[in-house]
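Below is one structure, written out as structure tokens; comments come after it.
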């Protein structure tokens, strides 16, 4: 998988490309809009990550020009602006997704992977993790064969964690996925729900599946 | 203004009418005097001159013929020195006086005027003069006329003035009122528009009036003032937007590099330190987000799509999502929600207001306390109240709670992860929705936030409907607003 990162801030470009490389992506970087557009129209990329504020050619114009040549390549926008109008503009000018700075790398990774596997997504009706089993159709959760009753929110939270098993999900990601965005940054509701979920899933089991990663968020992972 | 104008105009017209009346009376009286004197002289010089030569019959005939007193309405009498009447005119056609009743001439003087009462019509004026004929006889020539003509003229004038003046005054007052209103309407316009200008629509301008007068200059200088305010506000807003934007880039780098370190194999205690640093970057990010949000709200942008929302439904569905927080502390969440109370606004922002206030209430309410959520209609307004039995806010802190970075309980609120901007955002959102927010609190007893929205009415709704909202009073929210049935079941238990 080959990605293009168009970002003028060298340090941002540095850690994003390093982290993506660690996830076994091949990453090219361009430091301004002109060379970025040149790269994007010359080579075949599986995905483009585009900063909006760029020298030479603005990100918005890069996107518009790129879309004329290649309407299909997935584009994720990085933006420091997050007003509603900006978001609408971004999507309307042909971006597939956007991410507001600063972002957790895990979030960028989730979005990159989501866009790359877009198309036929096989969503198994049952997700398994060790002895934990979640059935998306019957809304049932079992651990060691025993049924665990969950509320709708707890179920949504667990499903989100399990379908991203092994990956650390930030509170922002969890809120955006399970709640409304108005809750972001105000309440500690995620922590409370995770605690409740943990009580139901992990209580009485020697191996705790749900882990807190300080500063990052939560993850559900197999024993390694 | 109009009243003053009409009083002034009325007085001026009355003075004018009075002087016209008096002046005309004077003039008419003078002209009668002159006419009578001239007639007398004319008779003397044209007719009486020939009396000696042609005899009395000639005088009578000539006078009758040339002066036709019956037609002119004049009284003419010529008397001989012995007192016998040489000629006396007949009654005038209009019968304004009776010639026979005219009194005797005065004995002395060569030329006199006298007023007499005569006939039905009252006064008449008689002029008498003496004429010495060629044979030395002194003849008395009298000419007279009734005042009737003068009086009827004056009467007519008076009538005209009495009837006409109110009409003239009325028309003029009405005209001036309309004109003044036309002239002042721009001022009304300016006043109305100036009232509507707030910090969020400073780009608007007042209508300028091309009258070339003081009003035009007033509107122009008001507009220049608004322009300067606009510049100042834009400067402030651009500044805080720029600041927020400039802060995001280093925050992005900071976060990215910290995450990068964590990717390598690090000791658990180092991981703790990285985690702690990441938490702080998150907090900084939230502060930047909130500052940016406030500056956007204050600049009047980003209010999102406004739509009609059922306030009660929004409150219950939002509170539902926070139920676990309430249940953890075993706080009783009580609802008193009037149904069908609608407001217009951005759903996400109003939800943010509710989340902020409710989260505050939960934070500051001790376990086993209570929180009351109420939505009710009050005429034109929709009132949302969030009251708690929490720690309360001291009287000194109360006026400052909506200020940015103000922390009533410093240590505690920072420890709970707040940015110190929550209530400032709430206030900004309320202002953007033209809603009033107020807070009352008693230390150690509880706090109550009250938001008064302008209610939204559907066009088909009648006015009466407003005052009779359906009130659902219960400890559980209406079930249609429940998004998580199991949680609400928990709440009732």
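Before moving on, here are some points about what is shown:
- Stretching residue B:2 away from residue B:273 to a fully extended chain increases their span by 89.6 nm, per 0.36 nm per residue minus the current alpha-carbon distance.
- Taking other C-beta atoms within 10 angstrom as a stand-in for reagent exposure, B:289, B:444 fall in the order B:444, B:289, fewest first.
- Inter-centroid distance (Cα atoms) of the range B:173-200 relative to the range A:64-115, Å: 51
- Placing R0 at 56 angstrom, the Cβ-Cβ distance between residue B:177 and residue B:405 gives a FRET efficiency of 0.50 after rounding to 0.05.
- Potential lengthening of the chain between residue B:243 and residue B:41 amounts to 61.8 nm, from the contour at 0.36 nm per residue minus the alpha-carbon distance.
- Förster radius 25 Å - calculated FRET efficiency between residue B:442 and residue B:327 (Cβ-Cβ, nearest 0.05): 0.45
- Counting, for every residue in B:336-349, the Cβ atoms of other protein chains within 10 Å of its Cβ and taking the mean gives 1.
- Sorting B:447, B:208, B:63 from the fewest to the most surrounding beta carbons within 10 angstrom yields B:208, B:63, B:447.
- Annotation for residue B:168 and residue A:203: the two label points, set 7 Å from Cα along the Cα-Cβ direction, are 10.1 nm apart.
- For chain A, the relative contact order works out to 13 percent when only alpha carbon pairs closer than 8 Å and six or more residues apart are counted.
- Whole-Å distance, taken between Cα centres, linking the range A:1-54 and the range B:1-25: 91
- Share antiparallel - DSSP beta bridges, the protein assembly as shown, percent rounded to 5: 75
- Tilt relative to chain B, helix B:268-298 - C-alpha long axis, 0 to 90 degrees, to 10: 10
- Shielding of B:280-293 by partner chains, average beta-carbon count, 10 Å: 3
- Each helix, a run of at least 4 DSSP H residues, gives -39500 (n - 2.57); summed and divided by the residues of chain B, these come to -18000 deg cm²/dmol at 222 nm.
- Fully extended contour minus Cα-Cα distance, from residue B:56 to residue B:336, at 0.36 nm per residue: 88.6 nm
- Projected label distance in nm at residue A:21 and residue A:93, using a 7 Å step from Cα toward the beta-carbon: 3.0
- Average other protein chain Cβ within 10 Å of Cβ, residues B:255-265: 5
- Residue exposure proxy: A:192, B:343, ordered by other Cβ atoms within 10 angstrom of their Cβ from fewest to most, comes out as A:192, B:343.
- Two-site FRET efficiency, residue B:196 against residue A:138, from Cβ-Cβ distance with R₀ of 51 Å, rounded to 0.05: 0.35
A short reminder: the numbers here are calculations on the coordinates, not readings from a lab. Computed from a predicted model, the values in this text were never measured in an experiment. Cβ: placed from backbone, ideal geometry, glycine included. Neighbour counts: every protein chain shown.
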